[in-house]
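**Student:** What follows is a single structure, and I will ask about it in a moment.
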């Protein structure tokens with residue numbers, strides 16, 4: 001988990017201040033009655049949770065707050081307060097969170113109870129007064145923006161066939177044909193840009209996102225494309241698992257004409273963290289509906305089940321995944337339905353090499369997808385079931401140049417192998433990009 005220390009700083013400072021005060025403020029007797037936010041009373045449990053469990057519970061609450069999982073954070077803090085009424089730090093954090101969510105009445109009740117019950121020092125009273133003066137008015141949701149501009153070269157921009165000769169079956173007699181020049185590889189330079197916007201959804205534990213992609217070629221203008229996607233993602237806890245449902249819609253144009261539309265659903269389940277786990281594990285289920293307005297009988301519904309293992313440290317991020325896939329089309333689609341699998345890996349790491357006192361950042365990615373069609377591709381002419389193996393190798397080196405920005409050079413190798421020769425292609429791409437995010 002990548003924590004934002006600036007987020008935790010006031011919470012940790014307030015907690016430390018609470019813990020070093022006189023026993024009348026920081027401690028409560030085990031059997032003492034504690035007042036709760038709704039004005040009633042709750043008795044401390046006869047067997048309170050131990051100190052280690054309390055620390056773990058508090059850390060989980062801080063993580064939930066950092067991840068904007070307000071409902072989970074509230075539940076964790078309330079459980080901790082119920083089990084340990086003397087935990088003044090949890091009470092203060094809960095009051096501040098309620099105030100930031102616009103729950104003024106509940107926040108004021110907690111602030112008043114905290115002052116009356118623990119007689120906090122002046123530093124804590126100042127923190128409380130700062131939040132009271134805000135009126136607990138909800139501030140504008142957090143927004144994030146990223147922009148990427150690329151200039152690159154593609155040795156096979158049109159995904160032209162690697163072999164200019166292909167064979168068909170003419171009533172049992174093989175016939176060799178030659179592809180027209182427009183179906184052979186064509187290199188070109190391109191300029192591309194992408195803009196990503198995301199914003200928290202009010203007081204809910206989710207965010208909305210908008211993505212814009214555009215690419216323009218120097219000479220192959222028929223390949224110019226623009227893509228737009230929008231969606232909403234939520235996040236909550238189910239027992240100890242983190243659940244992230246996502247719904248999105250997207251569209252793409254090719255040569256200024258609508259080429260593809262898509263509706264997608266995604267559900268990600270992340271296993272609870274354990275102290276002895278080296279990696280974090282997730283399961284992702286996804287489905288999408290693809291529509292091609294200008295291509296007959298090419299629409300399909302894709303389903304995917306993916307397992308993910310990831311590791312985040314101070315110096316690197318590593319991710320690997322494996323998936324099973326199923327693509328269902330109509331009866332007239334060439335090759336019919338298809339099944340497949342895919343594997344991928346990704347590594348981002350800082351290098352010991354520094355330029356202008358800033359470390360270089362290296363990335364390496366690889367993915368492989370294997371698809372097998374269920375029907376003969378074109379009966380009477382191409383009497384085989386289409387089999388596709390697509391591999392992508394990517395590596396890059398980046399240098400941070402200004403605040404929030406990086407310059408990156410990237411190489412990408414695409415190798416698409418199929419048992420129908422005119423569908424096989426390969427390409428080499430190299431690009432220089434500038435990336436900025438706020």
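**Student:** Consider the range 403-424. How many of its residues are touching a residue at least 12 places away in the same chain (Cβ under 8 Å) and not in a strand (DSSP E or B)?
**Tutor:** Here is the first cut: in the range 403-424, the residues touching a residue at least 12 places away in the same chain (Cβ under 8 Å) are 404-424.
Next, from what is left, pick out any that are not in a strand (DSSP E or B): 404, 419-424.
The total comes to 7.
**Student:** How about the range 316-336: which of its residues are surrounded by fewer than 17 Cβ atoms within 10 Å (Cβ to Cβ) and over 21 Å from the mean Cα position of the chain (by Cα)?
**Tutor:** Of all residues in the range 316-336, those surrounded by fewer than 17 Cβ atoms within 10 Å (Cβ to Cβ) come to 316-318, 320, 322, 324, 326, 328, 330-332, 334.
Matches in the range 316-336: 326, 328, 330, 331, 332, 334.
**Student:** I'd like the full set of residues that are more than 17 Å from residue 261 (Cβ to Cβ) and surrounded by 15 or more Cβ atoms within 10 Å (Cβ to Cβ), limited to the range 221-231.
**Tutor:** 223, 224
**Student:** Taking the stated definitions as given, is residue 25 part of a helix (DSSP H, G or I), modelled with pLDDT under 75 and within 19 Å of residue 138 (Cβ to Cβ)?
**Tutor:** No; evaluated as a whole, the condition is false for this residue.
**Student:** Tell me yes or no: at least one residue of the range 385-402 is surrounded by fewer than 14 Cβ atoms within 10 Å (Cβ to Cβ) and in a strand (DSSP E or B).
**Tutor:** Taking every residue of the range 385-402 in turn, none turns out to be surrounded by fewer than 14 Cβ atoms within 10 Å (Cβ to Cβ) and in a strand (DSSP E or B).
**Student:** A further question on this structure: Do we find a residue being surrounded by 14 or more Cβ atoms within 10 Å (Cβ to Cβ) and modelled with pLDDT under 85 anywhere in the range 174-195?
**Tutor:** Our first condition is that a residue be surrounded by 14 or more Cβ atoms within 10 Å (Cβ to Cβ); within the range 174-195, this holds for 179, 183-195.
Now restrict to residues that are modelled with pLDDT under 85: none.
Checked against the condition, which is being surrounded by 14 or more Cβ atoms within 10 Å (Cβ to Cβ) and modelled with pLDDT under 85, the range 174-195 yields no hits at all.
Results for (1) touching a residue at least 60 places away in the same chain (Cβ under 8 Å); (2) within 34 Å of the chain's Cα centre (by Cα), shown as yes or no for each residue.
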{"site": "176", "(1), (2)": "no, no"}
{"site": "184", "(1), (2)": "no, no"}
{"site": "189", "(1), (2)": "no, yes"}
{"site": "193", "(1), (2)": "no, yes"}
{"site": "200", "(1), (2)": "yes, yes"}
{"site": "213", "(1), (2)": "no, yes"}
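**Student:** Quick check: is even one residue across the range 230-238 assigned by TED's automatic domain parsing to the domain that holds residue 407, touching a residue at least 60 places away in the same chain (Cβ under 8 Å) and touching a helix residue (DSSP H, G or I) at 6+ places or on another chain (Cβ under 7 Å)? Walk me through it before giving the result.
**Tutor:** Initially, the range 230-238 is screened for residues assigned by TED's automatic domain parsing to the domain that holds residue 407, giving 230-238.
Right, trim to touching a residue at least 60 places away in the same chain (Cβ under 8 Å) and you get 235-237.
From what's left, touching a helix residue (DSSP H, G or I) at 6+ places or on another chain (Cβ under 7 Å): 236-237.
Yes, there is a match, as at least one residue in the range 230-238 is assigned by TED's automatic domain parsing to the domain that holds residue 407, touching a residue at least 60 places away in the same chain (Cβ under 8 Å) and touching a helix residue (DSSP H, G or I) at 6+ places or on another chain (Cβ under 7 Å).
**Student:** What's the number of the condition residue 164 fails, among (1) over 30 Å from residue 65 (Cα atoms); (2) modelled with pLDDT of 90 or more?
**Tutor:** Residue 164 satisfies every listed condition except (2).
**Student:** Further question on the same structure: Going through the range 307-338 one residue at a time, which ones are more than 30 Å from residue 279 (Cβ to Cβ) and part of a strand (DSSP E or B)?
**Tutor:** 328, 329, 338
**Student:** Restricting attention to the range 291-315, which residues are under 15 Å from residue 346 (Cα atoms) and more than 19 Å from the chain's Cα centre (by Cα)?
**Tutor:** Correct list: 315 only.
**Student:** Going by what's in this entry, would residue 152 be described as over 24 Å from residue 244 (Cβ atoms) and in a loop (DSSP other than H, G, I, E, B)?
**Tutor:** Numbers: over 24 Å from residue 244 (Cβ atoms): yes; in a loop (DSSP other than H, G, I, E, B): no.
When the stated conditions are applied, residue 152 does not pass them.
**Student:** If you scan the range 66-111, which residues turn out to be farther than 19 Å from residue 131 by Cα and not in a helix (DSSP H, G or I)?
**Tutor:** 67, 69, 84, 85, 86, 87
**Student:** Sort out which residues of the range 65-105 are farther than 22 Å from residue 238 by Cα, more than 33 Å from the chain's Cα centre (by Cα) and in contact (Cβ under 8 Å) with a residue 24 or more places away in the chain, and write them in order of number.
**Tutor:** Matches in the range 65-105: 84, 85, 86, 87, 88.
To keep it simple, each residue is scored yes or no on (1) at pLDDT below 50; (2) buried (at least 17 other Cβ atoms within 10 Å of the Cβ); (3) more than 27 Å from residue 312 (Cβ to Cβ).
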site: 13; (1), (2), (3): yes, no, no
site: 18; (1), (2), (3): yes, yes, yes
site: 32; (1), (2), (3): yes, no, yes
site: 40; (1), (2), (3): yes, no, yes
site: 44; (1), (2), (3): yes, yes, yes
site: 71; (1), (2), (3): no, no, no
site: 75; (1), (2), (3): no, no, no
site: 112; (1), (2), (3): no, no, yes
site: 116; (1), (2), (3): no, no, yes
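**Student:** In this structure, is residue 130 in contact (Cβ under 8 Å) with a residue 40 or more places away in the chain and either more than 30 Å from residue 382 (Cα to Cα) or out of contact with any helix residue (DSSP H, G or I) (no Cβ under 9 Å at 6 or more places or on another chain) (or both)? Working first, answer last.
**Tutor:** Values: in contact (Cβ under 8 Å) with a residue 40 or more places away in the chain: no; either more than 30 Å from residue 382 (Cα to Cα) or out of contact with any helix residue (DSSP H, G or I) (no Cβ under 9 Å at 6 or more places or on another chain) (or both): yes.
No.
**Student:** Shifting gears a bit: Give the residue, chosen from 200, 170, that is exposed (fewer than 14 other Cβ atoms within 10 Å of the Cβ) and more than 24 Å from residue 410 (Cβ to Cβ). I'd like the intermediate steps shown before the answer.
**Tutor:** Details: 200 fails: exposed (fewer than 14 other Cβ atoms within 10 Å of the Cβ).
After applying the criteria, what remains is 170.
**Student:** Follow-up question, since we're still on this one. Residue 397 passes all but one of (1) over 23 Å from residue 162 (Cβ atoms); (2) modelled with pLDDT under 95; which number fails?
**Tutor:** The one condition residue 397 does not meet is (2).
**Student:** Criterion first (out of contact with any strand residue (DSSP E or B) (no Cβ under 7 Å at 6 or more places or on another chain), more than 20 Å from residue 295 (Cα to Cα) and surrounded by fewer than 15 Cβ atoms within 10 Å (Cβ to Cβ)) does residue 218 satisfy it? Talk me through it step by step, then tell me what you get.
**Tutor:** On the way: out of contact with any strand residue (DSSP E or B) (no Cβ under 7 Å at 6 or more places or on another chain): no; more than 20 Å from residue 295 (Cα to Cα): yes; surrounded by fewer than 15 Cβ atoms within 10 Å (Cβ to Cβ): yes.
Considered against the rule, which asks whether it is out of contact with any strand residue (DSSP E or B) (no Cβ under 7 Å at 6 or more places or on another chain), more than 20 Å from residue 295 (Cα to Cα) and surrounded by fewer than 15 Cβ atoms within 10 Å (Cβ to Cβ), residue 218 comes out as no.
The values are calculated or read from the model by the stated rules, or taken from the named source; none is laboratory data. Predicted model only: the values in this text are computed from it and were never measured. Backbone-built Cβ (ideal geometry, glycine too); neighbour counts: all protein chains shown.
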